[in-house]
Amino acid sequence: MRRVLDATAFFVDMPLEGELFTSPRVVDELADARSRCRLEALSAAGLRVVSPGQDSIRRVAQVSATSGDAGVLSPADREILALALELSAEVVSDDFAVQNVAHHFGIPASPLQQRRAKKRVWRFRCPGCGRYSDGPEECPVCGAIPKRTIK
């Protein structure tokens, strides 16, 4: 089984099996000695660091905008989702937004230490006037920034 690893996989000491992949941005996030050692150990066991193509990153941007997760995904999150899409691989992440976008793509997602996220579509509600919108843009009525709520 192919698996694309988020940074979480490098912070916990849990066995991982299968063909393992991650992205360069995830590697850049690994700043402490323990996660760097885990990276080296997994690399010695066959972990590959691969950059996804721009088409896949664009698809992730589109689907995450539709699901309402675009504003909370980091560039590293977008890369691992795009890579999982290209490789038809499972995403290993504790990040609920990553898992949610993976669900919208039909990509299997597995958490390491957290509960499994449910598939959701978010909407945005203005805390000032209560108006609902499809995105986190400034409210056209009162100018407040909407907050995410479950649709």
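All of the numbers you see were taken from the coordinates with simple rules; none came from a lab. All of these numbers come straight from a predicted model, not from anything done at the bench. Reconstructed Cβ throughout: ideal geometry from the backbone, glycine too, with neighbour counts over all protein chains shown.
Exposed loop sites here mean GluC sites (Glu not before Pro) with a DSSP loop assignment and at most 14 other beta-carbon atoms within 10 Å; the chain contains its longest site-free run at 18-136. Restricting the calculation to Cα atoms, every distinct pair contributes to the Kirkwood radius of the chain, found to be 16.2 Å. Taking every DSSP helix (H) stretch of at least 4 residues in the chain, weighting each as -39,500 (n - 2.57) and dividing the sum by the residue count yields a mean residue ellipticity at 222 nm of -11500 deg cm²/dmol. Approximating the spin labels as points 7 Å out from Cα along Cα→Cβ, the Cys37-to-Val141 distance works out to 5.6 nm.
Write out the trypsin sites (Lys or Arg not before Pro) in the range 39-74 meeting two conditions: DSSP loop, and at most 10 other Cβ atoms within 10 Å of their Cβ. Provide the component values of the computation, followed by the final result.
Details: sites: Arg48, Arg58, Arg59; in loops: none.
Listed in order of number, the matching sites amount to none.
Relative to the globular-protein estimate of 2.2 N^0.38 Å, the Cα radius of gyration of the range 56-104 stands at 0.96.
Report, in order of residue number, the helices in the chain meeting two criteria: a C-alpha extent of 15 Å or more along the helix axis, and a mean Kyte-Doolittle hydropathy of at least 0.5; treat each whole DSSP H run as one helix. Can you show the working numbers first?
Numbers: long enough: 33-44 (16 Å, -0.26); 54-67 (20 Å, -0.44); 75-87 (18 Å, 0.65).
Qualifying helices: 75-87.
Distance from the Cα centroid of the range 119-140 to that of the range 85-99 is 26 Å (rounded to whole angstrom). Take every Cα pair under 8 Å whose residues are at least 6 apart in sequence, average their separation, divide by the length of the range 45-151, and the relative contact order is 21 percent. Between the residues Pro111, Val91, Pro136, the greatest Cα displacement towards the positive end of the dipole of the chain, with unit charges on the Cβ of Lys, Arg, Asp and Glu, is found for Pro136.
Placing unit charges on the Cβ atoms only, positive for Lys and Arg and negative for Asp and Glu, gives the chain a dipole magnitude near 680 debye about its Cα centre. Under 5 Å from the amide H of Ser110 lie the amide H atoms of Val91, Val92, Ser93, each residue being 5 or more positions distant or on a separate chain, with H modelled from the backbone and absent for Pro and chain starts.
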